[in-house]
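Single-structure report; data block below.
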Amino acid sequence: MVIGPAAGERAAEEDAVLVARLRGREERAFEEATSTFYPAMFAVARAYVRSGSDAEEVVQDAWLGVLKGLERFEGRSRLRTWVLQIVANIARDRAVREARSLPFSSLEDDAGEVRTEELGPGDHKRVETGRIHRYEAIERVELMEVSTPELDDVVRLEDDYGREGTSEA
């Protein structure tokens, strides 16, 4: 199908009207945009992430990005193109994060066993570089971890119990 100048101009005008309605936070405009763009948004997201539920989350995040960035939309491309680029960027970032996740089996030692060790007061444990590990505190604990300068090295500390002095409490 060949689109002539008149059709291109008509599409640009339709985009401009829809963008104005979206900027005005018109609910019906959002419903129209969602129903129009959703199938393509989901397909783009699904091409990058592992599951349909992850793709759904990417699409939701993309809509938030679209609404936050709508004031910066300049109309140099079609609205659909701009929206799909946002989806692709978010999906690509998520795919990179997913690629860094490892299955529970990667916590096994060289013999294929997941080790559980109990440390008492004053005990310490050295973990070899590159070993994936997790420590769980049953009671109050002071934890100090020295990380390596490797780019893939991630340290995450959590307190699931909402104790005083933590970021969750």
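Couple of notes before you dig in:
- Condition broken by E13, with the remaining ones in (1) at pLDDT below 90; (2) surrounded by 11 or more Cβ atoms within 10 Å (Cβ to Cβ) satisfied: (2)
- Of the residues making up segment 20-43, just one is loosely packed, with under 12 Cβ neighbours inside 10 Å and under 14 Å from V87 (Cα atoms), namely P39.
- Residues (in contact (Cβ under 8 Å) with a residue 40 or more places away in the chain, among the charged types (D, E, K, R) and closer than 25 Å to A12 by Cα) located in segment 25-78: E71, R78
The values are calculated or read from the model by the stated rules, or taken from the named source; none is laboratory data. All values derive from a computational prediction rather than experimental measurement. So basically every Cβ, Gly included, is an ideal-geometry build from the backbone, and we count neighbours across all protein chains shown.
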